[in-house]
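The values are calculated or read from the model by the stated rules, or taken from the named source; none is laboratory data. Given the structure is predicted, the values throughout are model-derived calculations rather than measurements. Positions of Cβ are generated from backbone atoms using ideal geometry, with glycine treated the same way; all protein chains shown enter the neighbour counts. For the accessible areas, the whole protein counts, side chains as well, though only heavy atoms, and no ligand, DNA or RNA atoms are used. Shrake-Rupley method; radii C 1.70, N 1.55, O 1.52, S 1.80 Å.
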Amino acid sequence: MEMLRRSSVFAAEVMEVFDRSPTDKELVSQAKALCRDYINSRLIRAGVSWSKPEYNVPVPGGKLAEVSTILLRLGDELEYIRPNVYRNIARQLNISLHSETVVTDAFLAVAAQIFTAGITWGKVVSLYAVAAGLAVDCVRHAQPAMVHTIVDCLGEFVRKTLVTWLKRRGGWTSQNVW
């Protein structure tokens, strides 16, 4: 009887590992890591000098690194098709980059607008492109600390708006996502 109980407990633990979907906290943390990687790529591409902050870069060869590569490639395509949409974001929004509140409110307003008609992976890529475009503007206007604000803001938007949708799709690193 004891052997049966132990094997049932073991089976339940094994199933939990295989069936476990990512937690909200994990999804937000991954979203922020992807955002930092995306922004860093765009800052380098823009030739903007910026001292890269220390953060958890997706591990080379890991699933999140694969997602980051795909996200960047899709972003390249989107930004190539509509370059004027993803450049000079601050000017388009007519905002000053000297106030954290202004940058946060503007980013959240744009994010909400992107997803008014529903959530798609294309819109998720667009959200990252907007975040990166705004980050490039901030660094160019001597406001590099705002990059962290943008990353945190994107994380908060993901937590409030995208987590449930992401969970239904198996999270960022699901085989069926990308």
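Summary of values
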item: Residue match in the stretch 91-107 (condition: on the phi > 0 side of the Ramachandran plot and polar (S, T, N, Q)); result: yes
item: Only one of Leu74, Leu64 that is assigned to a helix (DSSP H, G or I), at pLDDT below 95 and of a type outside the set (Gly, Ala, Ser); result: Leu64
item: Residue match in the stretch 101-112 (condition: surrounded by 12 or more Cβ atoms within 10 Å (Cβ to Cβ), more than 18 Å from the chain's Cα centre (by Cα) and within 21 Å of Thr149 (Cα to Cα)); result: yes
item: Residue selected from the stretch 13-50 under the condition at pLDDT below 90 and of a type outside the set (D, E, K, R), by the criterion most open to solvent (accessible area, probe 1.4 Å); result: Phe18
item: Conditions (1) modelled with pLDDT of 65 or more; (2) open to solvent by less than 70 Å² (accessible area, probe 1.4 Å); (3) under 20 Å from the mean Cα position of the chain (by Cα); number of the one not met by Pro53; result: (1)
item: Test: Ala142 is under 18 Å from Arg87 (Cα atoms) and modelled with pLDDT under 95; result: yes
item: Test set (1) at pLDDT 55 or above; (2) of a type in the set (Ser, Thr, Tyr); (3) in contact with a Lys or Arg (Cβ under 9 Å, 6 or more places away or on another chain) - Thr69 fails condition number; result: (3)
item: Residue selected from the stretch 133-178 under the condition in a loop (DSSP other than H, G, I, E, B) and within 20 Å of Ala109 (Cβ to Cβ), by the criterion nearest to the chain's Cα centre (by Cα); result: Gln143
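Table: residues versus (1) open to solvent by less than 20 Å² (accessible area, probe 1.4 Å); (2) closer than 20 Å to Asp76 by Cβ; (3) in contact with a Phe, Trp or Tyr (Cβ under 9 Å, 6 or more places away or on another chain).
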residue: Val130; (1), (2), (3): yes, yes, yes
residue: Gly133; (1), (2), (3): yes, yes, yes
residue: Asp137; (1), (2), (3): yes, yes, no
residue: Gln143; (1), (2), (3): no, no, no
residue: Cys153; (1), (2), (3): yes, no, yes
residue: Phe157; (1), (2), (3): yes, no, yes
residue: Lys160; (1), (2), (3): no, no, no
residue: Arg169; (1), (2), (3): no, no, yes
